[in-house]
Structures are given as structure tokens and as C-alpha cells.
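*Asks:* This is the structure I want to talk about, given as C-alpha cells.
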Amino acid sequence: MQTREIYRCDGCGTEYRVAGDGRPTVLCSECKQVASPHGDPVAGREYRVGHAKYLEGRRRTTEAMQRFESGHMTLARGGFDDAAGEFEDSVDHFTAAVKQADSDGVRTACERARKKATCLWQAVEWLGGSTYASEQGDTDRAARYREDAKQRLRAATDHGELVAPDELTD
């Protein structure tokens, strides 16, 4: 069975429906720009990768928080840095999913995931800064950074839970 994909020109926005297997290079007949795969199925694939990165960021954050709370600041900072990288990657994938989604429901879920992952990314960046300030003996700055991180964590809760990837395009 052949699959059908929608490709949208990155230049003028013209859409092309392509049948067949594989990932062809589609050159727009209007403006000669390359068209990219587009639509809810493509958004779902991006979302799935973003969701996996998001979960890994959460896991690394939990580990870093345990180290932070036990006073192992250097190890905690490394964990927060790792978590930040995972959240950054998830934001990139969620952003791509938002751009590729056709339906409002899929677009909304992807945008909410992007916002939540961004808040968590910012929070772990602040927590990493707090560990560094603590290592330097700057307790006032460390406390301010922890408070900034708490604010971002509270903001993340406003975006609710992420939709499971299998439920995104149902």
C-alpha cells in the first residue's frame, strides 16, 4: 500500500500531495524552493521524538535534584546541564511539530508541550546556575536562582500533562 504525504513549500507555502514510498525531494514548481513533509502524521513523528527527549529531561532532572538536595553541587550541576540539553532538544521537536500540524487539536497539544518543555528547560538552567553560585559561596545569588527556578516550575504546571504520543493523532 502506498502512503500519501503532504509536502509544503518552504518558500511560498504551496502544498503538494505525494504518493509512494520513501522521502522524495519535492521542488516547488512555483518558486523553485524545496518542499518539506507536512501534516498531522509528520507532526506526530516529531512529537514522539520530542516526547522521548522530554521524558529523558525529566529523568535527568530528578537525578540532579537528588544530588542537589544531598549537597553534591558539582554532580547536580552536570545533571542539570544534561537535563537542559534534553529539554532544548524536545523544544526543537515540539516546535517543528507545531509548524507541521494541520489540525487545531494536534497543533494545540504540540504547542502546550513546547511551552511546558520550555519552562522546564529554563528551570533547570536556573538550578544549574544555583549550584554554581553555591560552589562559589554566593548564597544570595544561589537563593535568587532557586527562586527563579521555582517560578518556572510553577509555570510548567500551568500547561498540564503532555498528551501521550499514541493519543496525539487519534
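The values are calculated or read from the model by the stated rules, or taken from the named source; none is laboratory data. Since we're looking at a predicted model, the values are computed, not measured. Reconstructed Cβ throughout: ideal geometry from the backbone, glycine too, with neighbour counts over all protein chains shown. These area figures cover heavy atoms from the full protein model, side chains too; ligands, DNA and RNA do not enter into them. Shrake-Rupley method; radii C 1.70, N 1.55, O 1.52, S 1.80 Å.
*Asks:* Skipping prolines and chain starts, which residues have an amide H placed within reach, meaning under 5 Å, of the one on Val26, given they are 5 or more residues away or on another chain?
*Replies:* Ala35
*Asks:* Please report, in debye to the nearest 20, how large the charge dipole of segment 86-170 is about its Cα centre when each Lys and Arg carries +1 at its beta carbon and each Asp and Glu carries -1 there.
*Replies:* Once rounded to the nearest 20, the dipole reads 360 debye.
*Asks:* Of the heavy-atom accessible surface of the chain (probe 1.4 angstrom), what whole percent is carbon and sulfur?
*Replies:* Exposed carbon and sulfur together represent 47 percent of the surface.
*Asks:* Also, quick follow-up: In debye to the nearest 20, how big a dipole does the chain give about its Cα centre with +1 on each Lys and Arg Cβ and -1 on each Asp and Glu Cβ?
*Replies:* Roughly 100 debye for the chain.
*Asks:* So, one more: If Glu46, Glu167 are ordered by their accessible area, calculated over protein heavy atoms with a 1.4 Å probe, which sequence runs from highest to lowest?
*Replies:* Most to least solvent-accessible, the answer reads Glu167, Glu46.
*Asks:* Okay, moving on. Rounded to the nearest 10 Å², what accessible area does Arg23 show when all protein chains are kept and the probe is 1.4 Å?
*Replies:* Roll a 1.4 Å probe over it and Arg23 shows about 140 Å².
*Asks:* Looking at the chain, do any whole DSSP H helices span at least 20 angstrom along their long axis by alpha carbon and average -1.0 or above on Kyte-Doolittle, and which?
*Replies:* 73-100, 104-135
*Asks:* Let me ask you something else. Just give me a number: lysine pairs in the chain, eight or more positions apart or cross-chain, with C-alpha atoms less than 18 Å apart.
*Replies:* Within the chain, the lysine pair count is 6.
*Asks:* Comparing Ala97, Ala109, Ala143, which has the greatest mean-square fluctuation in the GNM of the chain with Cα pairs linked when under 10 Å apart?
*Replies:* Of Ala97, Ala109, Ala143, the Gaussian network model singles out Ala143 as fluctuating most.
*Asks:* Give me the distance in nm between label points sitting 7 Å out from Cα along the Cα-to-Cβ direction at Arg17 and Arg141, one decimal.
*Replies:* Label-label distance for Arg17 and Arg141, simple model: 5.9 nm.
*Asks:* For the chain, what is the mean residue ellipticity at 222 nm derived from helices alone (per DSSP H run of n ≥ 4: -39500 (n - 2.57); sum divided by total residues; nearest 500 deg cm²/dmol)?
*Replies:* -23500 deg cm²/dmol
*Asks:* Among Leu127, Ala143, Ala101, whose Cα lies farthest out toward the positive end of the dipole of segment 69-170, if unit charges sit on the beta carbon of Lys, Arg (+1) and Asp, Glu (-1)?
*Replies:* Working it through, the farthest residue towards the positive pole turns out to be Ala143.
*Asks:* Work out the length of the dipole vector of segment 119-159 about its Cα centre, built from +1 on the beta-carbon of each Lys and Arg and -1 on the beta-carbon of each Asp and Glu, and round it to the nearest 20 debye.
*Replies:* 120 debye
*Asks:* Keeping all protein chains in place, calculate the accessible area per residue for the chain (probe 1.4 angstrom), answer in Å².
*Replies:* For the chain, the solvent-accessible area averages 56 Å² per residue.
*Asks:* Computed from these coordinates, which is Rg/Rh (Cα atoms, Kirkwood Rh): (i) 1.13; (ii) 1.05; (iii) 0.95?
*Replies:* Read-out from the structure maps to (i).
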